[in-house]
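A short write-up of the structure that comes next.
The values are calculated or read from the model by the stated rules, or taken from the named source; none is laboratory data. Remember, it's a predicted structure, so these values are computed and weren't measured experimentally. Here the Cβ positions follow ideal geometry from the backbone for every residue, glycine too, while neighbour counts run over all protein chains shown.
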4 protein chains.
Amino acid sequence: MEVGFLGLGIMGKAMSTNLLKHGFKVTVWNRTLSKCDELVEHGASVCESPAEVIKKCKYTIAMLSDPCAALSVVFDKGGVLEQICEGKGYIDMSTVDAETSLKINEAITGKGGRFVEGPVSGSKKPAEDGQLIILAAGDKALFEESIPAFDVLGKRSFFLGQVGNGAKMKLIVNMIMGSMMNAFSEGLVLADKSGLSSDTLLDILDLGAMTNPMFKGKGPSMNKSSYPPAFPLKHQQKDMRLALALGDENAVSMPVAAAANEAFKKARSLGLGDLDFSAVIEAVKFSRE
Amino acid sequence: MEVGFLGLGIMGKAMSTNLLKHGFKVTVWNRTLSKCDELVEHGASVCESPAEVIKKCKYTIAMLSDPCAALSVVFDKGGVLEQICEGKGYIDMSTVDAETSLKINEAITGKGGRFVEGPVSGSKKPAEDGQLIILAAGDKALFEESIPAFDVLGKRSFFLGQVGNGAKMKLIVNMIMGSMMNAFSEGLVLADKSGLSSDTLLDILDLGAMTNPMFKGKGPSMNKSSYPPAFPLKHQQKDMRLALALGDENAVSMPVAAAANEAFKKARSLGLGDLDFSAVIEAVKFSRE
Amino acid sequence: MEVGFLGLGIMGKAMSTNLLKHGFKVTVWNRTLSKCDELVEHGASVCESPAEVIKKCKYTIAMLSDPCAALSVVFDKGGVLEQICEGKGYIDMSTVDAETSLKINEAITGKGGRFVEGPVSGSKKPAEDGQLIILAAGDKALFEESIPAFDVLGKRSFFLGQVGNGAKMKLIVNMIMGSMMNAFSEGLVLADKSGLSSDTLLDILDLGAMTNPMFKGKGPSMNKSSYPPAFPLKHQQKDMRLALALGDENAVSMPVAAAANEAFKKARSLGLGDLDFSAVIEAVKFSRE
Amino acid sequence: MEVGFLGLGIMGKAMSTNLLKHGFKVTVWNRTLSKCDELVEHGASVCESPAEVIKKCKYTIAMLSDPCAALSVVFDKGGVLEQICEGKGYIDMSTVDAETSLKINEAITGKGGRFVEGPVSGSKKPAEDGQLIILAAGDKALFEESIPAFDVLGKRSFFLGQVGNGAKMKLIVNMIMGSMMNAFSEGLVLADKSGLSSDTLLDILDLGAMTNPMFKGKGPSMNKSSYPPAFPLKHQQKDMRLALALGDENAVSMPVAAAANEAFKKARSLGLGDLDFSAVIEAVKFSRE
């Protein structure tokens, strides 16, 4: 199977490498073209613009850094739109909001192309291991044709219906994560301030019905006030805000998520936005007593 | 090793049976004495009052339904206090608040006895399987002498320092649980009202860093609006309240737990107090649109 | 002084009438021109488009129903932009968001015109009585030249700096109002459910340091579950959301406003969006006990 | 009319002085007897114990510093209980919780005496000016016989039903006050961080439907970060906690009060507990940006 691949950041590089390793013919493009070299060593072809990749390949996957980059790759000169047409499929796996997805979908389908949004859950390590979770939505037939690629990239892919649903589902997952992180932070601080060991609390949680990889992975470093940024707090807070906005649209009152969002905002105001989102515990801890 | 055992409710019966199976000599007492019969079949002896059990055994474990029962067994006529003395140890594994534990501790140690509080995390099934988590505090030497029994009853036992710390740790664990349950509920409702499948959300959560037995166990029935009471909502709310009170004592601001507590209160006002605590999702769901 | 006046809704009609009564020469325009008749009886001239009004008058005031109408009157065919030029001033007193104001400002000043935004606090009655509070921002000189008109329309006008600040100040005032309304609602319900008279609570509040026209005006009808819409709940909730978004931009954590916003959202989900914002008390009251 | 008066702190001294000025015969007692001297100059008699005052007077009013003092004056040696009997009335105007009131009521009525609790709203100045608000509950006949005294002490007195209702009503009033103070604080901080003048916000609020003596009185000093303690923050937070507990009893979910309570707790943890409760704005302000 032949696929185009746009965007060779940390995620894109790992994903396109996996496709090559599994026998796909891959044609890559990256804004900084020199980043393509390593992929070429693994057998990839290179094009000089997104449009050329689209022209050459029936299926093109994109993995870009943010909504702005995702839009630029489609709409700018030399972009996807110049060559997309009937018979071609475009699969954008970048994390973008529903509006961005809808805008891209409209443009692609307006030219007769087919579109799937496919944001992923999971970061660098799962990308390298082909263990991402793919939250796809849009053109059902294109989704099904993409399954051989998705099977290489992820451990599971979901088809969620119309364009925008992938973005929404991701927001909801991240909202739960943000509230859970606050629940966890409050518990750790309460243990500590009550004269109990927060390390022992981690052990106890790990043995019970709430045990989960996130508590296990982040708890020990939180107890050492160390927050190397795997998922930056400011991005987590942005996702909470967007999930609350989704709740606003649908008249869902979510007081716990709202309280968690305000805690992340407090953490931002304390200058913690670029640290890992687990640094929200610092907003709970903060006191002068 | 010979132990006394006071209280043969669901938990106490499972626990004392385990002790018998592992070769302990067990002398039991229960308020309704007929409940002792089954234990006798397994080889237990019976006494007619807590005081007699204490008199007969060097170590006595209690597993009673609530603080009121725990106090009554110690202070009433025929109670523990009448026979407790130097050389004897009393281990109360009932779930009680820190004040109750402290009151019992004072009385026991005032007579020269030794005391350990040991509330457990886990309910019927873990009790039967000897897989409880034991949150012990109080007399360190007595804790250590109790380890052979604790090893039969639980998969892990923690010594948490002074009397009251066991009760406090349990509150903190339950507070995290209550906030997490709200985070989960809000996410499930948001998915549903946004046109996404809340069953698919469960699948996605199950594959990611937040996967945990509680979501896995309760999610499917929550999506079916079924809440068979494993841990009644009104008890969960009471524990949230007590954990918030502990935060108040120690000047720990916990806005997410406070919001979760108000959601449980709303659920109580909707008449859901006797259902499982996962019924809090009904307070999130409730609308007239 | 001669002024143009665009928009003769409830507010605009009252305001332009006041200007006429105080000796201003007023040229009016309204989308439905027949609405101008009454003003003509009071001595107003009429034009057939916003552009004509601008052409005729050095100063033009607009009072339109929403951001959409405010933009349309400026940018559509026959709109303000066609005639605005150096030497002319445009004062938009509609309630719009900061972005809308900025967009209009950019267009007007791009043509050499001057712009003041001047949203008001107060509705029909204060408009008729010339008792509005005017939250102006933008061109300082134009603001000063407008004072004779503002003095007729309002009891006080504030100059708040750059364009957008009027809109922001209004959001902040409304955010405080929304949180206060929730504080009040919770107190009234708590009194009632605790066996106290919520009418007596109103009397007590009225005698103390918190006495204010809003509690006095809305309390008695809230206690009768009557919510004739002076300020619709859905608009109040939208303003809370926008104020929270302003807090997000500036990293201000506002947990009380966030909780109040979620209560308004719950009220919306209960179908109360078109009632007065005081109907949020129904979300507090709701129970099945 | 002859009355006894127990407790000559700031409040009690002002109140008993007012009674003397209005022609009441007053017999006073205070723990530190020397404090009685000034009252004697105004014509008061003195007794050496609460019991003696009760013996001498048909009606005795108490104004003590806290629940502990209120209980001690009744139950200790030389206390009220020693002489209270049929035909005598005891009116405790101290601010105490409902339980304390109920305990005192039970003891007094057990001896045949009559009891009214009458906590007040208002502090030193209103006490001196006879402008307190009296929240009375208990024996209706005694309340009515006390009206001549209440008319001297306060501008209005309410009879709220059974003992405990006075205390509850006061908590509810203070809960609304605490939430309002948070609403106000968040608005002031948001204005400031959004580049608006928080002093101008005060002016705008003062002209609108939310204008109230509390905002007017405390706003200017809050904007100067000055918090001279009129009502200490730690007492406000305690009242929020007790009001939330009253909500808990009656299954009233109050998310805004809960959020406000956590903000006061955060302020306590920042070392602000002894300042005025308006210092909660510091918890909103706090940031490192």
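Condition check ((1) polar (S, T, N, Q); (2) over 30 Å from B:Ser197 (Cβ atoms)) across all residues:
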| position | (1), (2) |
| --- | --- |
| A:Gly161 | no, no |
| A:Asn174 | yes, no |
| A:Ala191 | no, yes |
| A:Gly217 | no, no |
* Pair list, Cβ < 6 Å and 6+ apart or interchain, from region A:274-289 residues that are closer than 21 Å to A:Ala257 by Cβ and among the polar types (S, T, N, Q) to residues that are part of a loop (DSSP other than H, G, I, E, B) and modelled with pLDDT of 95 or more -> A:Ser278/A:Tyr227
* When residues of region A:238-254 are filtered for being over 23 Å from C:Asp274 (Cβ atoms) and at the interface with another protein chain (Cβ under 8 Å from one of its Cβ atoms), how many remain? -> 2
* Residues that are at pLDDT 95 or above and of a type in the set (A, V, I, L, M, F, W, C), drawn from region A:12-35 -> A:Ala14, A:Met15, A:Leu19, A:Leu20, A:Phe24, A:Val26, A:Val28, A:Trp29
* Matching residues, region C:141-196, being at the interface with chain D (Cβ under 8 Å from one of its Cβ atoms), in a helix (DSSP H, G or I) and of a type in the set (Lys, Arg) -> C:Lys168, C:Lys193
* To do: Could you tell me which residue of region D:51-75 is surrounded by the fewest Cβ atoms within 10 Å (Cβ to Cβ), considering only residues that are within 18 Å of D:Ala136 (Cα to Cα) and in contact (Cβ under 8 Å) with a residue 60 or more places away in the chain?
  => D:Tyr59
* Asked: How do the pairs read when you match residues in region B:200-220 that are more than 7 Å from chain A (Cβ to nearest Cβ) with residues anywhere that are assigned to a helix (DSSP H, G or I) and basic (Lys, Arg), using Cβ under 9 Å and keeping only pairs 6 or more apart or on different chains?
  -> B:Leu202/B:Lys216; B:Asp206/B:Lys216
* **Residue ID - nearest to A:Leu153 (Cα to Cα), chosen from residues in region A:19-30 that are assigned to a loop (DSSP other than H, G, I, E, B) and more than 20 Å from the chain's Cα centre (by Cα)** => A:His22
* Structure fact -> Selection from region C:76-128 of residues in a loop (DSSP other than H, G, I, E, B), surrounded by 16 or more Cβ atoms within 10 Å (Cβ to Cβ) and in contact with a Lys or Arg (Cβ under 7 Å, 6 or more places away or on another chain) yields C:Gln83, C:Ile84, C:Lys88, C:Thr95, C:Gly113, C:Pro119
* With respect to C:Ser197, determine if the residue is surrounded by fewer than 22 Cβ atoms within 10 Å (Cβ to Cβ) and of a type in the set (Ser, Thr, Tyr). => yes
* **Of all residues making up region A:21-39, the number that are of a type in the set (A, V, I, L, M) and farther than 19 Å from A:Gly118 by Cβ** => 2
* Does region C:55-63 include one or more residues that are in contact with a strand residue (DSSP E or B) (Cβ under 8 Å, 6 or more places away or on another chain), charged (D, E, K, R) and assigned by TED's automatic domain parsing to the domain that holds C:Phe24? -> yes
* To do: Within region D:139-158, identify whether any single residue is in contact with a His (Cβ under 8 Å, 6 or more places away or on another chain), of a type outside the set (Ser, Thr, Tyr), closer than 19 Å to D:Tyr90 by Cα and at pLDDT 95 or above, and answer yes or no.
  => yes
* To do: Could you identify the single residue in B:Ser16, B:Ser34, B:Ser65, B:Ser72 that is polar (S, T, N, Q) and part of a loop (DSSP other than H, G, I, E, B)?
  => B:Ser65
* Verdict on D:Asp206 being among the acidic types (Asp, Glu), in a helix (DSSP H, G or I) and modelled with pLDDT of 95 or more -> yes
* To do: Assess whether D:Gly130 counts as being within 15 Å of the chain's Cα centre (by Cα), farther than 18 Å from D:Lys168 by Cα and at pLDDT 95 or above.
  => yes
* What are the residue pairs meeting all of these: first residue in region B:1-29, first residue within 15 Å of B:His42 (Cα to Cα), second residue in a helix (DSSP H, G or I) and of a type in the set (Ser, Thr, Tyr), Cβ atoms under 6 Å, and 6 or more apart or on different chains? -> B:Phe5/B:Ser16; B:Val26/B:Ser16; B:Val28/B:Ser16
